[in-house]
Amino acid sequence: MPVIFFDVGATLADARVGPDGSLTLRPRPRVMAVLDALRDVRTGIISDPGPGDDAASRAAAALRAAFPGRFTDEALVHWGAKDGREIFDRAIAGAGEATVGDCVFVGEDARERAFAREAGMRTAADPVFARAATENRPVHRARIELPDGRGLPELTTAVNDTEAVVVRSVSERLVLTMVTARGAEALERAGFPVDLQEPVDGTPMDDAERRASEKFISDLLARGEAVYEGEEPTPRTTHIVTCEDDGRLTVRRLRFR
């Protein structure tokens, strides 16, 4: 049974400290929907409450106010610095029957995710990818060149319906995203060309990631939207598939015309 631990600030919620020192948490976009979809999964917290003797109790009170009825298993709530693997080791030890391979840490900070992986956890950079992490499905960086007549609002609508997150808009036509293979397929079906890049956490390609990448490429070929390097593109071709020296298939997006 998987256990998903979330960071709080900038991952689950945006924090505001009032003039009197009170802490208020405002859930970030899509977070409540993600938590609703994870009702069947045990969830917990690994987060740094900041300095001060009362910081943890203040953070816990703000968490209860922002997420009533959630994160109620105190054995899965861990407050402390995430400056090494120690807090992640404690979280794993307190996860009951869950094994280290069942534990996932979701946090926006790449350094903290690296500590979690050092402890043996799976990781995700955004709550949207929490389910994918429990299923060992990789998340990639991706570039999307907006087609003529389509803008960022339309892309945002499509992204919000699948396993994808807009990272930033580089220009009027180019948007950087994070996406799973499942999310990439959904965006392609919605008319947005997806150019998959490296994994978000830069880990070597494992079997699950290789299968996801191969499926994405095979689906493109099956739909007639990709050809192999050296073949003549057709009017429907959007991607070129290359066989690397080690036998891996890679794909690159043709520049949108």
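The values are calculated or read from the model by the stated rules, or taken from the named source; none is laboratory data. For clarity, every value in this text was computed on a predicted model and none was experimentally measured. Here the Cβ positions follow ideal geometry from the backbone for every residue, glycine too, while neighbour counts run over all protein chains shown. Note: accessible area is taken over every heavy atom of the protein model, side chains too, but ligands, DNA and RNA are not part of it. Shrake-Rupley method; radii C 1.70, N 1.55, O 1.52, S 1.80 Å.
Key figures for this structure:
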{"item": "Carbon plus sulfur fraction of accessible area for the chain, probe 1.4 Å, in percent", "result": "49 percent"}
{"item": "Probe 1.4 Å - accessible area at THR11, Å² to nearest ten", "result": "0 Å²"}
{"item": "Spacing of the two label points (7 Å from each Cα toward its C-beta) at ALA190 and ARG64, in nm", "result": "3.8 nm"}
{"item": "Kirkwood Rh and Cα Rg combined as Rg over Rh, evaluated for segment 1-62", "result": "1.01"}
{"item": "Residue-level accessible surface for ARG117, protein heavy atoms, 1.4 Å, Å²", "result": "70 Å²"}
{"item": "Square roots of five times the Cα gyration tensor eigenvalues for the chain, Å", "result": "37, 21, 14"}
{"item": "Coordinate range along principal axes, alpha carbons of segment 148-191, Å, largest first", "result": "25, 20, 13"}
{"item": "Kyte-Doolittle mean at least -1.0 and Cα axial length at least 20 Å: DSSP H helices in the chain", "result": "207-222"}
{"item": "Cα lying deepest toward the dipole's positive end in the chain, options ILE217, VAL200, VAL165, charges on Cβ", "result": "VAL165"}
{"item": "Local net charge near GLY151, Cβ-Cβ under 12 Å (Lys/Arg +1, Asp/Glu -1)", "result": "-1"}
{"item": "Summed side-chain charge close to ARG223 - residues other than ARG223 whose Cβ falls under 11 Å, Lys, Arg +1, Asp, Glu -1", "result": "-2"}
{"item": "Extension gain from GLU172 to MET1, taking 0.36 nm per residue of separation minus the Cα-Cα distance", "result": "57.2 nm"}
{"item": "Per residue value of the accessible surface for the chain (all protein chains in place, 1.4 Å probe), Å²", "result": "51 Å²"}
{"item": "Over the chain: helical MRE at 222 nm, DSSP H runs n ≥ 4 each giving -39500 (n - 2.57), nearest 500", "result": "-8000 deg cm²/dmol"}
{"item": "Global size of segment 11-119 as Cα Rg and Dmax, reported in angstrom", "result": "14.0, 43"}
{"item": "Projected label distance in nm at THR234 and ALA110, using a 7 Å step from Cα toward the beta-carbon", "result": "3.9 nm"}
{"item": "Exposure of GLU188 as accessible area (Å², to 10), given a probe of 1.4 Å and all protein chains", "result": "30 Å²"}
{"item": "Unit charges on C-beta of K, R, D, E only; dipole of segment 1-94, Debye", "result": "360 debye"}
